Amino acid sequence: MVLRSSLKLSAALKSLNPKHVSKNLLISEINAPKVSEKSLVNKTENIHLSQAFYNGKEIDKDKLLQDMLVYEDFLTESEEKTLLDEIEPYLKRLRYEFDHWDDAIHGYRETERLHWNEDNSKTLKKVRDIAFPPDIAQLAHVHVLDLAPKGFIKPHIDAVRFCGTTIAGLSLLSDSVMRLVHDKKKLYTADVLLKRRSLYIMRNSARFDYTHEILNEKESVFNKKEVPRDRRVSIICRNEPLPEFRD
Ligand SMILES: O=C(O)CCC(=O)C(=O)O
């Protein structure tokens, strides 16, 4: 396995650069994959928008709902186990990092993986097929992020140098809540329930215009209901940075 530190979230977060976003959106919207509405399970139930979306007209809620998709039960229990069986031996050798008060992630260990066994390659192909249109260049490495039960991710926008229009993430082992907050208009927020074995696709406006974070165990509440946090492993596929942002 070849490690590319640029994909790692800890590295990517150190160079956040959400500028030129409107240009990105124009390009990315052309490339947006056509996801069948029929295959979306409980999308509206899994995304809770703040009142501002209904009171104000500044930000289009339908646009956000087109760009933040959640597929419940995307993985079967057996697919989840097969993915964990492959990555667990490696993750177990790493220590969770809790140390630095200013880190954007707290209580995590992570790796990137290029080669997967046959079954897991099939599962990841399903993710890639649904998340990315055929003509879009994808990062070959898959990012694996393991959050301890007390781990959390602070608000950030992924650096445009390291990731293109789309982030597609599988959630293993635990439910969690992802919060999106509009980068310029902070009252526009969306809580997204990421159930164990679900897949989320965050693209275009959701990826560029909103910070995203994974709430810590104390704040892990969705629509007034507590969402108990346990260790959570996410497996994340991304597409290549847009050409103007490549090194
Ligand atoms: O663990 C996740 O699903 C979120 C990861 C994340 O924040 C990112 O990839 O930018």
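The values are calculated or read from the model by the stated rules, or taken from the named source; none is laboratory data. All figures in this text were calculated on a predicted structure; none of them were measured in a lab. Note that each Cβ is placed from the backbone with ideal geometry, even for glycine, and that neighbours are counted across all protein chains shown.
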> Do we have residue 181 as touching a Pro at 6+ places or on another chain (Cβ under 9 Å) and more than 11 Å from the ligand (Cβ to nearest atom) here?
Replying inline: yes
>> I'm checking my understanding of the structure. Among residues of region 209-223 that are away from the ligand (no atom under 14 Å from the Cβ) and at pLDDT 95 or above, which one is nearest to residue 44 (Cα to Cα)?
In response: 222
> Taking only pairs six or more apart or across chains, which ones have beta-carbon atoms under 7 Å, a first residue in region 220-232 that is on the phi > 0 side of the Ramachandran plot, and a second residue that is outside any loop (DSSP other than H, G, I, E, B) and away from the ligand (no atom under 14 Å from the Cβ)?
Replying inline: 223/48
> Yes or no: residue 65 out of contact with any Phe, Trp or Tyr (no Cβ under 6 Å at 6 or more places or on another chain), more than 16 Å from the ligand (Cβ to nearest atom) and under 14 Å from residue 202 (Cα atoms)?
Replying inline: yes
>> Could you go through region 81-104 and let me know if any residue there is away from the ligand (no atom under 16 Å from the Cβ), at pLDDT 95 or above, under 24 Å from residue 163 (Cβ atoms) and among the aromatic types (Phe, Trp, Tyr).
In response: yes
> What strands (runs of 3 or more DSSP E) completely inside region 81-195 contain at least 1 residues that are touching a His at 6+ places or on another chain (Cβ under 7 Å) and aromatic (Phe, Trp, Tyr)?
Replying inline: 142-156
> Take the residues of region 59-80 that are within 16 Å of the chain's Cα centre (by Cα) and outside any loop (DSSP other than H, G, I, E, B): which is farthest from residue 189 (Cα to Cα)?
Replying inline: 71
>> Given the criterion more than 10 Å from the ligand (Cβ to nearest atom), polar (S, T, N, Q), under 11 Å from the mean Cα position of the chain (by Cα) and modelled with pLDDT of 95 or more, identify the matching residue among 123, 166.
In response: 166
> Is it true that residue 130 is touching a helix residue (DSSP H, G or I) at 6+ places or on another chain (Cβ under 8 Å), within 21 Å of residue 241 (Cα to Cα) and either more than 15 Å from the ligand (Cβ to nearest atom) or among the polar types (S, T, N, Q) (or both)?
Replying inline: yes
> Taking region 188-208, which residues are away from the ligand (no atom under 13 Å from the Cβ) and closer than 20 Å to residue 132 by Cβ?
Replying inline: 204, 205
> Applying the selection to region 197-237, what residues are touching a strand residue (DSSP E or B) at 6+ places or on another chain (Cβ under 9 Å), hydrophobic (A, V, I, L, M, F, W, C) and either surrounded by fewer than 19 Cβ atoms within 10 Å (Cβ to Cβ) or not in a strand (DSSP E or B) (or both)?
Replying inline: 206, 215, 221, 227
> If you go through region 139-151 one residue at a time, how many are more than 10 Å from the ligand (Cβ to nearest atom) and surrounded by 22 or more Cβ atoms within 10 Å (Cβ to Cβ)?
Replying inline: 1
>> Scan region 90-101 and tell me whether some residue there is more than 24 Å from residue 216 (Cβ to Cβ) and surrounded by 18 or more Cβ atoms within 10 Å (Cβ to Cβ).
In response: no
>> For region 238-247, which positions are within 14 Å of the ligand (Cβ to nearest atom) and part of a loop (DSSP other than H, G, I, E, B)?
In response: 241
>> Among the residues in region 171-178, are any in contact (Cβ under 8 Å) with a residue 24 or more places away in the chain, within 9 Å of the ligand (Cβ to nearest atom), more than 26 Å from residue 45 (Cβ to Cβ) and surrounded by 20 or more Cβ atoms within 10 Å (Cβ to Cβ)?
In response: no
